[in-house]
Amino acid sequence: MDWLDYTFIFIAYVVAASIKGVTGIGFSTSCLPIMALRLDLKVAIPLVIIPSIASNLAVMIQAGRFREALKRFWPMYAASVPGLLLGLSILAVINVAAAKAILGLVLITYAFWALRNRPASLSTAWERRLKLPAGFFTGFINGLTGSQVMPSLPYLLSLHLQKNDFVQAINISFTLSSLVMLLGMNRLGYLPPVTLVLAIGSLFPVLATLYCAGKLQQRLSGESHRRLVLGFLLLMGLVLMLKVVA
């Protein structure tokens, strides 16, 4: 790597931590596209996973109510593991660019719909029925594309959770997926010592940026936070589409 590679890595970490601190989501989703401008994804993904896990844990500590979220959504979390393993297992035999383009289109469509309409609402019965499918397909899409937000994010938004409950619930999902990805990357040999040193060295700027951005998030109303999350999804969908076209 040269100095420009290291500059891109640093910028990606700071931007991603800022977005994560304000919205509670999006470290990996925003970090990877920036790193991918200079680095191969096989290099970029391992660099993202360790600070992503650290940022998830920091946000979870700030949000609180861990036990309540785990008790309510554990079926969704459990179902994401086989979905993730399935997605990883077929990653090598599909057109990844096409999968990312489809995901980008889904993100854009959902974000536009949600911003222009009243928030969707699920009954208690539908919340229970959709926990397993939401978890499984979130894991599956994560394994194929590296994105951890669909369809668990719209599922959780439709439950009208309090802001801290939403942040906790989605970040448990992110953390579990990231841990499985970390084990998978290590098994595939994509975690050499230099990558580990860079990833661990990033923790201080990432956590410092996250702390500062988290102060801003605490001042946001529930609706403002929802709109920021949806705006981020729209932006990431556009990034995925433009990257495929380019």
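Is it the case that the range 60-78 has a residue that's β-branched (Val, Ile, Thr), assigned to a helix (DSSP H, G or I) and touching a helix residue (DSSP H, G or I) at 6+ places or on another chain (Cβ under 7 Å)? Quick ask: steps written out before the conclusion?
Residues of the range 60-78 β-branched (Val, Ile, Thr): 61.
Now restrict to residues that are assigned to a helix (DSSP H, G or I): 61.
Checking the rest, the ones that are also touching a helix residue (DSSP H, G or I) at 6+ places or on another chain (Cβ under 7 Å) come to none.
No, the range 60-78 has no match at all.
Among the residues in the range 56-63, are any touching a His at 6+ places or on another chain (Cβ under 8 Å) and crowded, with 21+ Cβ neighbours inside 10 Å?
Residues of the range 56-63 that are touching a His at 6+ places or on another chain (Cβ under 8 Å), as a first pass: none.
Scanning the range 56-63 turns up no residue that is touching a His at 6+ places or on another chain (Cβ under 8 Å) and crowded, with 21+ Cβ neighbours inside 10 Å.
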Revision key, fill the gap. Expected output for the range 1-25 (first residue farther than 20 Å from residue 147 by Cβ and touching a residue at least 12 places away in the same chain (Cβ under 8 Å), partner acidic (Asp, Glu) and open to solvent by less than 60 Å² (accessible area, probe 1.4 Å), Cβ below 6 Å, 6+ apart or cross-chain) is none
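A quick yes/no check of all residues on (1) among the small types (Gly, Ala, Ser); (2) more than 18 Å from residue 177 (Cα to Cα); (3) in contact with an Asp or Glu (Cβ under 7 Å, 6 or more places away or on another chain):
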| residue | (1), (2), (3) |
| --- | --- |
| 63 | yes, yes, no |
| 81 | no, no, no |
| 106 | no, yes, no |
| 118 | no, yes, no |
| 130 | no, yes, no |
| 140 | no, no, no |
Review point. Within the range 122-138, can you find the residues that are of a type in the set (Val, Ile, Thr) and loosely packed, with under 15 Cβ neighbours inside 10 Å?
Key: 124
Point to revise | Residue count, the range 194-216 (criterion: open to solvent by 20 Å² or more (accessible area, probe 1.4 Å), at pLDDT below 90 and touching a Gly at 6+ places or on another chain (Cβ under 9 Å)) | key: 4
Exercise for review: Examine the range 95-103 for a residue that is closer than 22 Å to residue 231 by Cα, of a type in the set (Val, Ile, Thr), part of a helix (DSSP H, G or I) and in contact with a Gly (Cβ under 6 Å, 6 or more places away or on another chain), and state whether such a residue exists.
Suggested key: no
Exercise for review: Could you list, in sequence order, all residues of the range 201-246 that are assigned to a loop (DSSP other than H, G, I, E, B) and not polar (S, T, N, Q)?
Suggested key: 219, 220, 246
**Study point:** Out of 227, 187, sole residue that is within 21 Å of residue 45 (Cα to Cα), among the basic types (Lys, Arg) and modelled with pLDDT under 90
**Key:** 187
Point to revise | Selected residue (criterion: nearest to residue 148 (Cα to Cα)) from residues of the range 164-181 that are open to solvent by 40 Å² or more (accessible area, probe 1.4 Å) and more than 12 Å from the chain's Cα centre (by Cα) | key: 179
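Is it the case that residue 149 is buried (at least 24 other Cβ atoms within 10 Å of the Cβ), within 24 Å of residue 101 (Cβ to Cβ) and touching a residue at least 24 places away in the same chain (Cβ under 8 Å)? Walk me through it before giving the result.
Numbers: buried (at least 24 other Cβ atoms within 10 Å of the Cβ): yes; within 24 Å of residue 101 (Cβ to Cβ): yes; touching a residue at least 24 places away in the same chain (Cβ under 8 Å): yes.
Yes.
The values are calculated or read from the model by the stated rules, or taken from the named source; none is laboratory data. What you are looking at is a predicted structure, and each value in this text was computed from that prediction instead of being measured. Cβ atoms come from the backbone with ideal geometry, glycine included; neighbour counts cover every protein chain shown. Ligands, DNA and RNA are excluded from the accessible area calculation, which covers all protein heavy atoms including side chains. Shrake-Rupley method; radii C 1.70, N 1.55, O 1.52, S 1.80 Å.
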